[in-house]
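The values are calculated or read from the model by the stated rules, or taken from the named source; none is laboratory data. Treat the numbers as computed from the prediction; the structure is a model and nothing was measured. Here the Cβ is made from the backbone with ideal geometry for all residues, glycine too, and neighbour counts use every protein chain on show.
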Amino acid sequence: MSRSAHPAGPRHADVLPEGHYSAPPADLNALDPKVWAQTVRRDEHGVLTVGGIDVKQLAEEFGTPAYFLDEDDFRARARAWRTAFGDDADVFYAGKAFLSRAVVRWLHEEGLNLDVCSGGELATALSAGMPAERIAFHGNNKSTGEIRRAVEAGVGRIVLDSFQEIVRVAHIAQELGRRQRVQIRITVGVEAHTHEFIATAHEDQKFGIPLAGGQAAEAVRRALQLDGLELIGIHSHIGSQIFDMSGFEVAAHRVVGLLREIRDKHGVELPEIDLGGGLGIAYTSDDDPREPHEIAKALTEIVTRECESARLRTPRISVEPGRAIVGPTAFTLYEVGTVKPLDGLRTYVSVDGGMSDNIRTALYDAEYSVSLVSRPSDAEPVLCRVVGKHCESGDIVVKDAFLPGDLAPGDLLAVPATGAYCRSMASNYNHVLRPPVVAVRDGEARVIVRRETEEDLLRLDVG
Ligand code: LLP
């Protein structure tokens, strides 16, 4: 059961498999539907379109860099998750992947719940009208102010992450005359990233309460005793960008083992189990994510089987996909500024954004695809590295990519699958302004998060 793991994000980490870039794709103009949002096409002039609008027009109207989000695709993916799990389970979209008020409204309309992990995300959710009972509040160090706001608002669940927090939430709830529905996040010793997982991972990380050493069982015992809390279930989140379902299998086995222990010790069958998020998407053509209905079927079967063998009633399942819903729905559009061939090495292509709008390549060695999208090209493929405009050599957007040899300043490049953890992790490094998010649907484009301005920067700098 023990296999090696990569850090979040990269499939190949630093070591590209042999021949990884020895063969450029047969057609550089082709768009692999796996990595692009659903309505993306090339029009009759070879220009990329999304939601029926071409990128030259989008660049002119909204500028670059910018994230363009395919609203129909977002809604379709949200609905697919909702339908796959049906009425006997709950889907919580993980807002950390990308959250805005428009997104909250779409989720509400499509019948999803929302996982927030900070006061800021909670405020965004509430201000866009997400009913509080459909919100789950996460985090390993929620402040008392955040907890108070969440309890007052009436959030559907708070996911407790430590012994201190069990007491803190109980106390605040009691003070407010409430009984707060809670889950306890446990760590089951499973760590999964990309295609691999470790089933016996040691618990050397900050989230949750370890199952090992009876700590999780003790947390449950304490939570059951506190009047301010209604313990509704156990939560487990095992990692990111996961393709291999066997990590969930081990996690479910261990969570159900705890449920059985709770029943045997306390005579209580907890009604819910949350298996977290972490389901992978295709960043490049090498990745093969599963469809939501396959994931739902697999998870439901795993939990049902485990509960049957433990003679427990099958609890209501919830999941928290973030990346798998929003990741594939957006691409980042950049303009090429300089093209610098380095003899015998590769060509460096500088774009007008970089690590401030996509930190994932620098942080996780994440792999991305990239295409020339403002025109078609028959030029020979050239091995390139797409880099940003920041004062840092690690400012890489796409580490290894083949682009047409006639690439020139003014061309538009698009990097697909940047809907998750790009805008939400964007920074102002070098005082570069964070790009807007533009939602496109049925031939209409509208800004849902506007571009940052120099006035925004200077407003925070009080001089
Ligand atoms: N639920 C919990 C409790 C989580 O901690 C996370 C992610 C999710 C759900 C959603 O995971 P997703 O389905 O989006 O993979 N910044 C990293 C990812 C960090 C994820 C943290 N927790 C990245 O860019 O890959």
Looking at the range 339-384 only, could you name the residues that are within 16 Å of the ligand (Cβ to nearest atom) and of a type in the set (V, I, T)? I359, T361
Can G327 be described as within 26 Å of G354 (Cα to Cα), at pLDDT 95 or above, surrounded by 20 or more Cβ atoms within 10 Å (Cβ to Cβ) and within 16 Å of the ligand (Cβ to nearest atom)? yes
Taking V155 as the residue in question, decide whether it is aliphatic (A, V, I, L, M), touching a helix residue (DSSP H, G or I) at 6+ places or on another chain (Cβ under 9 Å) and under 23 Å from V319 (Cβ atoms). yes
For T361: the one exception among (1) assigned to a loop (DSSP other than H, G, I, E, B); (2) surrounded by 24 or more Cβ atoms within 10 Å (Cβ to Cβ); (3) free of Cβ contacts under 8 Å to residues at least 60 places away in the same chain: (1)
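Is at least one residue of the range 80-93 closer than 30 Å to S377 by Cα, in contact with a helix residue (DSSP H, G or I) (Cβ under 8 Å, 6 or more places away or on another chain) and in contact (Cβ under 8 Å) with a residue 24 or more places away in the chain? Don't jump to the end; show me each part of the working.
So the first thing to find is which residues in the range 80-93 are closer than 30 Å to S377 by Cα, and the list is none.
Checked against the condition, which is being closer than 30 Å to S377 by Cα, in contact with a helix residue (DSSP H, G or I) (Cβ under 8 Å, 6 or more places away or on another chain) and in contact (Cβ under 8 Å) with a residue 24 or more places away in the chain, the range 80-93 yields no hits at all.
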Counting just the residues of the range 113-137 that are touching a helix residue (DSSP H, G or I) at 6+ places or on another chain (Cβ under 9 Å) and within 13 Å of the ligand (Cβ to nearest atom), which one comes out nearest to L160 (Cα to Cα)? F137
Filtering strands (runs of 3 or more DSSP E) wholly in the range 38-142 for at least 3 residues that are over 17 Å from the mean Cα position of the chain (by Cα) and at pLDDT 95 or above gives 48-50
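For (1) on the phi > 0 side of the Ramachandran plot; (2) in the same structural domain as V351 (by TED's automatic domain parsing); (3) not charged (D, E, K, R), each residue gets a yes or a no:
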position	(1), (2), (3)
P33	no, yes, yes
E61	no, yes, no
A66	no, yes, yes
R77	no, no, no
F85	no, no, yes
A89	no, no, yes
Y93	no, no, yes
Looking at this structure, is I198 within 26 Å of R316 (Cβ to Cβ), surrounded by 19 or more Cβ atoms within 10 Å (Cβ to Cβ) and not charged (D, E, K, R)? no
Any chance H138 is closer than 28 Å to L69 by Cβ and not charged (D, E, K, R): yes
Considering residues of the range 143-161 that are in contact with a strand residue (DSSP E or B) (Cβ under 8 Å, 6 or more places away or on another chain) and part of a loop (DSSP other than H, G, I, E, B) only, the residue surrounded by the fewest Cβ atoms within 10 Å (Cβ to Cβ): G156
